Amino acid sequence: MEKTIGIMAHVDAGKTTFSEQILYHTGAIRRRGRVDHGDAFLDFGEIERARGITVFTEQAAFEYRGDMYYLLDTPGHADFSAETERCAAALDCAVLLVSAVEGVQAQTYMFWRILDKLGVPTMIFINKTDREGADVRRVMDELAGELTERVVLFSSRGEDWKEAVAMLDEELLEKYVSGEYADKEFDNAVRLMVGRRLLFPVMSGSALNDIGISEFLEELSSITAWNKNDDKFSAYVYKVRHENGKRVCYMKINGGQLRIKDSVQIGGGIEKVNELRRYSGSKWNPIDSAGAGSICAAVGLSAQSGTYIGAEGKRTEECAPLLSAKVEFDESVDARTVLAAFRTMEDEEPALSVKFDETLSEIHANIMGAVQTEILAQLAQDRFGICVSFGKPGVIYKETISSPVIGSGHFEPLRHYAEVRFLLSPLERGAGICFESVCPTDMLAAQYQNLIRTHVFEKEHKGTLTGSELTDVKITLIAGRAHLKHTEGGDFRQAAYRAIRQGLCKTDSVLLEPYYRIELSCGSDCAGKIIADIQRMGGIFNGPFTDGKRMHISARVALSEFMDYPAQFLQTTHGEGRLLPVFDGYDVCHNTDEVLEKESYKPERDLENTPDSVFCSHGAGYPVKWQEADAHMHCEIESEYERYI
């Protein structure tokens, strides 16, 4: 049997050292490397060895008790958490490391949320128990209070352990109390509970000093179940890399089998697998095929990182970048040369969402933080020979609408024809863009309606306030029209884009900004200053309340106000305070007028996102301004929608 496990942790919790010990104990490597010595088996890149942190997910294989395991060592630093999030969907079981000294930290909580949404069975290893200040019981209390009450310490399997497990299930408790369960049956029940995320085993030890590793492997083998896989081929692409001129897709095979020269459907086309590889650290071996449950890498496919092939699966977007920065480079360097390099890096890290302003020859990228920009600059230099830097990052804003509106788009230059009419409706926060069609097929054929749906989702639509991404809007196709001879696929693209833009110009838009929910704890002597800080940032807070020793405060603040606060918080609390920030979605911007004045976006000058339509008369096309376009449309609108015009 084959199973994929992933090691996840807040930065500096000892994740890579833990992975080294696993590989050493199972005979996959002959000697244990260390991150601080720069010789770790899975942190083999020059950047990682120089910085002493994991930047890229790497994989290795090992055997234990007759079973094959694939281990993914993921980044722990917040700036690279988007890659960790993508890898989580490939896991059969996650191992979440928590420091016995620092306890639950910001990334610990973030990764927990991701695993919970994906439904990944999870074990927890409390690491660094040999360090001064380590307190396993305190960390267990934090796990129960901040992650889940269903944690049970498995490090010593005594009678207390069985009772703690039985307390989590009524049927199991009844049989346990009556003594009806044999040990083997109890273990089967534990395995089932772990697989259903009803139980989270906790182990403890020190990866650096090889304490608790053997016990962990025994528990991993005995209490985690193997997933059943379908015979039909399906896979999940968790990583893409460009290596020696070849594009390599790293994937988890979820069902069936993949062989060299197999044809695979990617999007709307068929592509052929030219090579199959199995990686372990920096090295790889060619393989002829890969079956369900295995990790492999394919050459020849255009599948994007974080996407499924053959069958859809769960996704999360907890780690989307909230900042954007301008890429700066010398004027002597061609902007398109820099753009090509960043497009390659974007292919490997989709969260960059690289944007190019052709008029100004400016390149902007979405980023997670300062460390990521340093890594990107080094990658640009090492891989492409280009020297770049980044401007001061700014918050990524988004836009939505406040009320429903009809948007109309018509595209009819000579020998082209398409018309689209949408109802744009506001949705709840975090809903994104949704599409529905209520257009009768006798008005517009289903094939054209499907094409319109594709065009709605194929680009990021800009709002009219700042040119930021449109979100939380339902786009309903209510009418459309094609021509028997002159309609081509691209015609509906133009009509759909113009219809959305025209609707946005007709209604009131709302600027949204990212917010953080922050949990703070500190000594009572610092509470007054921290509350004043939150009020100054315009935050809304609950509390404070005290547990007798420390003050606890919960608040919600705009990211734009909070960005520089963590360093100030450490100074205020003299390094003894605890701050847990968690992204809490987008909401109405707290200083819209100030942002609009700063951005100075002029929607009428954005020719790539025009709201105007094109009609045809006497064999020639002519433009019609968006304010007058409704009166020229050819499609009739049902009476229920007329009130939006």
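If I fit a long axis through the Cα atoms of helix 370-384 and take the longest principal axis of the Cα atoms of the chain, what angle between them do I get, 0 to 90°, rounded to 10? Helix 370-384 sits at roughly 80 degrees to that axis. Once you reduce the range 103-129 and the range 386-435 to the center of their Cα atoms, the two points are 36 Å from each other.
Applying both filters, DSSP loop and at most 15 other Cβ atoms within 10 Å, to the trypsin sites (Lys or Arg not before Pro) of the range 279-315 gives K314, R315. Using Cα pairs under 8 angstrom and six or more residues apart, how large is the relative contact order of the range 234-309, in percent? Rounded, it is 41 percent for the range 234-309. Packing, taken as the mean count of other beta carbons within 10 Å per residue, orders the peptides 48-54, 123-129 from highest to lowest as 123-129, 48-54. If you plug the beta carbon distance of I47 and K529 into 1/(1 + (r/R0)^6) with R0 = 35 Å, you get a FRET efficiency near 0.35.
Left without a cysteine partner by the 4.7 Å Cβ rule in the chain: C87, C93, C249, C296, C319, C387, C434, C439, C505, C589, C616, C635.
Segment Q568..K459, full-extension length gain: 35.3 nm, with 0.36 nm per residue of separation and the alpha-carbon distance subtracted.
Enumerate by residue number the GluC sites (Glu not before Pro) in the range 158-221 meeting two conditions: DSSP loop (anything except H, G, I, E, B), and at most 16 other Cβ atoms within 10 Å of the site's Cβ.
Details: sites: E159, E163, E170, E171, E174, E180, E185, E215, E218, E219; in loops: E180.
Listed in order of number, the matching sites are E180.
Rounded to the nearest 10 degrees, the inclination of helix 489-506 to the longest alpha-carbon principal axis of the chain is 90 degrees. Sorting 490-498, 13-21 by average packing, meaning the other beta carbons within 10 Å per residue, from highest down gives 13-21, 490-498. For the range 577-636, the set of trypsin sites (Lys or Arg not before Pro) satisfying both a DSSP loop assignment and a count of at most 16 other C-beta atoms within 10 Å is given as K625. So which lysines pass the test for K549, namely a Cα distance under 18 Å, with those fewer than 8 places away in the same chain ruled out? By straight Cα distance, K549 reaches K529.
In whole percents, the pair-distance distribution calculated for the range 2-223 from its alpha-carbon pairs, binned every 5 Å from zero, is 1, 7, 15, 20, 20, 17, 11, 5, 2, 1, 0, 0. Against the set (i) 27.5; (ii) 26.3; (iii) 40.8, the structure's computed Kirkwood radius over Cα pairs in Å falls on (i). Relative to the dominant Cα principal axis of the chain, helix 136-146 is inclined by about 30°. When each of the peptides 110-116, 501-507 is scored by the mean number of other C-beta atoms lying within 10 Å of its residues, the order from highest to lowest reads 501-507, 110-116.
So for the chain, averaging the separation of alpha carbon pairs under 8 Å that are six or more residues apart and normalising by length, what relative contact order in percent results? Could you put the intermediate results ahead of the total?
Numbers: 1352 pairs, mean separation 65.5, N = 645.
For the chain, the relative contact order is 10 percent.
Counting alpha carbon pairs within less than 8 Å and at least 6 residues apart, what relative contact order, in whole percent, applies to the range 230-368? Reported as a whole number, the value is 24 percent.
Among K326/K459; K128/K246; K117/K459, which pairs are too far apart, with a Cα-Cα distance over 31 Å? Checking Cα-Cα distances, K128/K246 exceed 31 Å.
Taken together, the values in this text are just the output of simple stated rules run on the coordinates, not laboratory data. All figures in this text were calculated on a predicted structure; none of them were measured in a lab. Ideal geometry is used to build each Cβ from the backbone, glycine not excepted, and the neighbour counts take in all protein chains shown.
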